Every structure is written in C-alpha cells, then in structure tokens.
Amino acid sequence: MKMIVVFCQQENVNLHRVGLELLGKAAELAKEIDTKVTAVTIGKEIDCLATTLIQYGADKVVLVQNELLEIYNADLYTKALHEVVEKEKPEILLIGATQLGRELGPRLAARLKTGLTADCTQLEIDKESKLLLMTRPAFGGNLMATIVCPNHRPQMATVRPGVFELKAPNLSRTGEVVEYVPSIRWEDARIVVEDFFEKIKEDVDISQAQVIVSGGRGIGSAEGFEKLRKLADLLGGTVAGSRAAVDNGWIEKDRQVGQTGKVVRPKLYIAVGISGAIQHLAGINESTYIVAINKDADAPIMKVADLGIVGDWRPIVNELIKQLSKKAKAEDGYEVVRL
Ligand SMILES: Cc1cc2nc3c(=O)[nH]c(=O)nc-3n(C[C@H](O)[C@H](O)[C@H](O)COP(=O)(O)OP(=O)(O)OC[C@H]3O[C@@H](n4cnc5c(N)ncnc54)[C@H](O)[C@@H]3O)c2cc1C
C-alpha cells in the first residue's frame, strides 16, 4: 500500500498542532490517490496520543517508542524515523516545518536519497501523473514554484504551521495502532543533551490569533508599537510586524509575519505602515478581513485590503483607541470589544 505518512511531533506528550493540520490535508490527498494516511509520532510513553491522531485523519498510527527518545535528539530521531519509513515505504512523507521538522526533514531526505521541498504553501495531486505537486515561494518570493519528485520516493515536503486549516476532529473515527521499537543506542547520538532550559513562551502564538494589529517600517519606533499593542488589546487580539519592524528591533522575531516569519489566518488583520511586499503578503493571504492604514494610497497592501484608510497612522490609531475605549466602558465590565 503506497500510503501517505505524516510525522506528528510531540513534546511532553502534547501534539504539535501542525501535525494535526497536515493529517487533515493528507486525508484529502489520500482520497485522490486512493490510499491511506499513517501518522508517525516519536517519544516515550506516548500511547495516549493515538486516539487524537486517528480523530484528526490517521487511518493507522505508528508509535515509535524508546526511552532514549523522551527528549528530541536529531541523530536518534532521524535514525528512528528512517527505520519506520524504510519499513512502511510511503509514497508521500509530510513533516511540519517547526524548528525540529526543519532539522529532521533534510537529514531524513539525505538518508532516503530523495528530494525535499521545504516550506510548501500548497500541496495537490496532479490529476494525470498522480504525483504530488509541491508549491512554494521561490526567488525571494517573487514567483511561486511547483516542484515534483518523479523519480525518488517518498515525495517529501515540509509545511509551516498555519498553512493548512485545522479540521475539526471526527470523534467516531477508528484506526489501527502499532508500536515500533527502533534499534537505537546512545552511541548513535553525536550530540548529547545534558540539561534542558525551557524558554519563556510568548504570550500568544500569532499563527493562532483571531485579531492581529501588525506594524511596519512606517511606525517608526518601538514606542509606536506600544500604541498598536493598546489597539490590539482593545480588540482582544495581538500585535505583530513586518520584517522591517523586526530588523529595526521594534518587535520580536517570533511575531514576524510573512515568508520568513509566520503564516497567519486571523479574522481581522490590521496592517499599519506596512507597504505590502510580496514576502509579507505570503503570510496574510488566509486572513478573512484586511484593513490597511497607510499614508500612500498606491501602496501594494491597498490592493489586497478589504478596507484601506489613507493617512498618517498616528491620528487614525489614536481615534480607534479612543472609540474602542469608550465602547469598552459603555459595555461596563467588558474589557474586550468583540468584533
Ligand atoms: C527572501 C526574503 C524574505 C522576506 N521575508 C519577509 C517576511 O517574512 N515578512 C516581511 O514582512 N518581509 C519580508 N521580506 C522583506 C520585504 O521584501 C519588505 O522589505 C518588507 O516587508 C517591508 O516592510 P514594511 O512594509 O514594514 O516596510 P516598507 O516597505 O518600507 O513600507 C513602509 C510603509 O509604511 C508607510 N508609512 C510610512 N510612514 C507612515 C505613516 N506615518 N503613516 C502611515 N503609513 C506610513 C509607507 O507608505 C510604506 O507603505 C523578505 C524579503 C526577502 C528578500
């Protein structure tokens, strides 16, 4: 059976959302090539994850378990996943482009002697050849390239979190669960993790936010971003920025939107002082409603915006803050204005 395998990352027995997003997409692709979806997850004592993986689209779950796999180690994970892929021989292998996935994918592709299309933004099956069409931005995002892997297997792709929608789980789905014990030893690891320090997490993952107020070079300073934060708070949302804003140190890299930042899919995206370069637009295509505030009526962002407000951002944002604060007070007790 030429199945589709999705590597589903877990950490502390919590599944990373991107694996579940990919399972939903894999289920769609599987229908077109008349095959099944296998989820592979790696760790220690992770049996409890199997049900969730099936509910999100896996027909079969392979639990790769070993006490050496409790904490991620690139060498051990690569060897373990390589063994499973050699055994299952999938037609397609999908991996989330998390930090871990970006490290694991190329290592695995090299061992399997196949190609890897990184950071895909679309996956489709070619109607005639039944090959996987892997689309991603190329040449600095100036064009979209569709890549095929006709002569080697599996056809491998990584996809960033948020690119595909998270489908609702089907609680009545059933599937097969198998355990695989890989033949790994400590000696296989060239790097040994001696201690672990947990990074203080950002308060929100922008790829999951429903409302985003995003600032660009036009904001001019870190203080300007404080105003945007205030507006975002009033809207029950979060703040983000363009690469220019990140490069200027006005906002953290975790909050960069775009091709080399994060893909977002909020209900409302307010772009303030952002020109709308193609690399920025690559991250906001899935937004439901885009508002652009820019002093240049011809800025490219105006072409994709549902609503464009032309002018200096400061009085416009100040007025929005004023009106929303009034509304919040009037609704007595409600701090957040729901759109
Ligand atoms: C390989 C590659 C990857 C990239 N990845 C990303 C990415 O992930 N994300 C990203 O954002 N960019 C990315 N870029 C950079 C991208 O090409 C642009 O340079 C960047 O998006 C520009 O940011 P900006 O819109 O904030 O700045 P600018 O393009 O300088 O635009 C500033 C805007 O602010 C407006 N403005 C100025 N003053 C005011 C004011 N007072 N009030 C209202 N409006 C005002 C101006 O009219 C202008 O439209 C990438 C580039 C490359 C080559």
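Test of understanding: in a Gaussian network model of the chain with alpha carbons linked when under 10 Å, which of V291, V37, V193 would top the mean-square fluctuation ranking?
V193
G215's amide H: which non-local residues (gap 5+, or another chain) put their own amide H closer than 5 Å, with H modeled 1.01 Å from N in plane and none for Pro or chain starts?
HN-HN under 5 Å from G215: A240, G241, S242, V272.
At R0 = 22 Å, how high is the FRET efficiency between E28 and V178 if r is their beta carbon distance? Nearest 0.05 is fine.
Given R0 = 22 Å and the Cβ-Cβ separation, E is 0.40.
For G283, what residues show an amide H to amide H distance below 5 Å, using hydrogens built from the backbone and excluding near sequence neighbours?
Under 5 Å from the amide H of G283: G258, Q259.
Identify all lysines with a Cα-Cα distance to K322 below 20 Å; exclude those on the same chain that are fewer than 8 residues away in sequence.
K227, K230
In the Gaussian network model of the chain, springs joining C-alpha atoms below 10 Å, which of Y56, Y289, Y269 carries the largest mean-square fluctuation?
Y289
Please give the net charge around D34, taking every other residue with its beta carbon less than 14 angstrom from that of D34, where Lys and Arg add +1 and Asp and Glu add -1.
+1
Would you please give the residues with an amide H less than 5 Å from that of V177, counting only those at least 5 places away or on a separate chain, with H modeled from the backbone geometry?
So V177 has HN proximity to V61.
To the nearest Å, what is the center-to-center distance of the stretch 17-73 and the stretch 150-186, using C-alpha atoms only?
Each part reduced to its Cα centre gives a spacing of 4 Å.
Mind listing the phi-derived Karplus ³J(HN,Hα) values for the stretch 265-279, rounded to whole Hz, using 6.51, -1.76 and 1.60 with θ = phi - 60°, and x for any glycine or proline?
Per residue, the Karplus-derived 3J(HN,Hα) values read 9, x, 6, 9, 10, 9, 9, 10, x, 10, 6, x, 4, 4, 5 Hz.
Want the number for D205 to E226: 0.36 nm per residue separation, take away the alpha-carbon distance, what's left?
Separation in residues times 0.36 nm, less the Cα-Cα distance, equals 5.7 nm.
For E103 and K295 in the same chain, what is the full-extension length gain: residue separation times 0.36 nm, less their Cα-Cα distance, in nm?
In short, 65.0 nm is gained.
Every read-out reported here was derived from the displayed coordinates using simple, explicitly stated rules and does not represent laboratory data. These numbers come from a predicted model, not from an experiment. Cβ: placed from backbone, ideal geometry, glycine included. Neighbour counts: every protein chain shown.
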